[in-house]
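Shown next, in structure tokens, is the structure this report addresses.
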Amino acid sequence: MKTEIDSSTPAPSRFNIVPHIHFAWWETLCMRIGFAWLLYTRFPALGRLPHADEPLTFPNGIARWVDLTWALQPDAYSAIRLTMIAACFLYVSGFAFPVASTALFVCYLIPCTLQNSLGSFSHYYQMMTLLLLAQALASWVWVIGNPRRLTNFAVGPSLLHSFTTRVTLQVIAANYVLCGLTKLIISEGKWIWNSQYMPLQFEKIKMQHFHNALVSNPPNLADKLNDFAIHNPWFSMMCYTPGLIAELGAIALLFGRAWSFWTGLFVIGMHFIITLTMRLSFQQHESMMWIYAVNIPFWTVWLVRKALNMRKSPLAQS
């Protein structure tokens, strides 16, 4: 497959396995629309955060040093949400992109930090906030390093969005690879063997859900699979080993469009297995893989162009 190269970067050598892909303006527009919609729909509700009249019992992250409890007041939280919505529109438009991405990062950092200050940690918003930080830093660096600073800051040219998209993919890949390496380091290389004990973790999560709602759900497919895994330890190792491979292999997201497409689908499949076997849903992570890695708009246009070229070819007309 022919790879488009960003004209702002030198042509890579044939030994370079990480090409500088140029993402067209319409691709990055679709990505910004998808990510902005995800940010809008997944913004934490005030009811899921600590109570405004009580001190933070388990401050997490920057809440250890900065007082964020002011954001728990209904009026203040409404202002943060309105700022987030306005920043989403500015983010999608592409104008003043460094400001928009920075505002979205701050708007997400505050409630997500407060949510993780309840005594239990959630990873659902980790990558979303990390991508916003990466996009904000990348856009500021690109604008400051470009001779036409003021114009590029206001307009947000396609090369800027192409650059931030490449940085986004790098951060996604790094996030998954580091997760895989952490599993191997903490387990001293025994993670695959130890995965036979995953059914115990599933039972722990099941009991946590029960004590949170005091509602006992009828047995489902996940419960049946867990019971089978308890009596057949090899089943857990067979199910969870591809997940570790997917995390470590996420570096392939950077090898080109086709690599990114198939690797994205593989990682999404990993999340599907986790949801099926452990009832742990990472819909935000899956959505980001669909938006940035699988990139359906590009492949749709590519297939249409391929079909049109085949119809115009002399061989097809004969």
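Here MET270 fulfils each of the conditions (1) assigned to a helix (DSSP H, G or I); (2) open to solvent by 40 Å² or more (accessible area, probe 1.4 Å) apart from (2).
Per the conditions (1) within 13 Å of PRO44 (Cα to Cα); (2) free of Cβ contacts under 8 Å to residues at least 60 places away in the same chain, the sole criterion not satisfied by ASP67 is (1).
Can you go through VAL155, VAL143 and tell me which one is more than 26 Å from PHE261 (Cβ to Cβ), of a type in the set (Val, Ile, Thr), modelled with pLDDT under 95 and open to solvent by less than 30 Å² (accessible area, probe 1.4 Å)?
Values: VAL155 fails: open to solvent by less than 30 Å² (accessible area, probe 1.4 Å).
Only one candidate passes the filter, namely VAL143.
Among the conditions (1) open to solvent by 30 Å² or more (accessible area, probe 1.4 Å); (2) within 19 Å of the chain's Cα centre (by Cα), TYR108 misses just one, which is (1). Can you name the residue in segment 36-60 that is over 23 Å from PRO98 (Cβ atoms) and among the small types (Gly, Ala, Ser) and is also surrounded by the most Cβ atoms within 10 Å (Cβ to Cβ) among such residues? Here the answer is ALA52.
State all residues of segment 281-303 that are open to solvent by less than 80 Å² (accessible area, probe 1.4 Å), assigned to a helix (DSSP H, G or I) and closer than 18 Å to ARG257 by Cβ; if no residue qualifies, say none.
MET288, MET289, ILE291, TYR292, ALA293, VAL294, PRO297, PHE298, TRP299, THR300, VAL301
If you check PHE266 against the conditions, is it under 20 Å from HIS20 (Cβ atoms) and within 20 Å of the chain's Cα centre (by Cα)?
Numbers: under 20 Å from HIS20 (Cβ atoms): no; within 20 Å of the chain's Cα centre (by Cα): yes.
Criteria not met by PHE266.
Does ILE33 qualify as being within 16 Å of VAL106 (Cβ to Cβ), open to solvent by 40 Å² or more (accessible area, probe 1.4 Å) and among the β-branched types (Val, Ile, Thr)? Before you say what the answer is, go through the steps one by one.
Numbers: within 16 Å of VAL106 (Cβ to Cβ): no; open to solvent by 40 Å² or more (accessible area, probe 1.4 Å): yes; among the β-branched types (Val, Ile, Thr): yes.
It is false that ILE33 is within 16 Å of VAL106 (Cβ to Cβ), open to solvent by 40 Å² or more (accessible area, probe 1.4 Å) and among the β-branched types (Val, Ile, Thr).
Pairs meeting the criteria (first residue in segment 71-87 and surrounded by fewer than 17 Cβ atoms within 10 Å (Cβ to Cβ), second residue outside any helix (DSSP H, G or I), beta carbons under 6 Å, at least 6 apart or on different chains) are GLN73/ALA52.
Here PRO98 does not fit the description of being open to solvent by 50 Å² or more (accessible area, probe 1.4 Å) and free of Cβ contacts under 8 Å to residues at least 60 places away in the same chain.
The values are calculated or read from the model by the stated rules, or taken from the named source; none is laboratory data. In this text the structure is predicted, and so the values were computed from the model without any measurement. We place every Cβ from the backbone using ideal geometry, glycine too, and count neighbours over all the protein chains shown. Note: areas computed on protein heavy atoms with side chains; ligands, DNA, RNA excluded. Shrake-Rupley method; radii C 1.70, N 1.55, O 1.52, S 1.80 Å.
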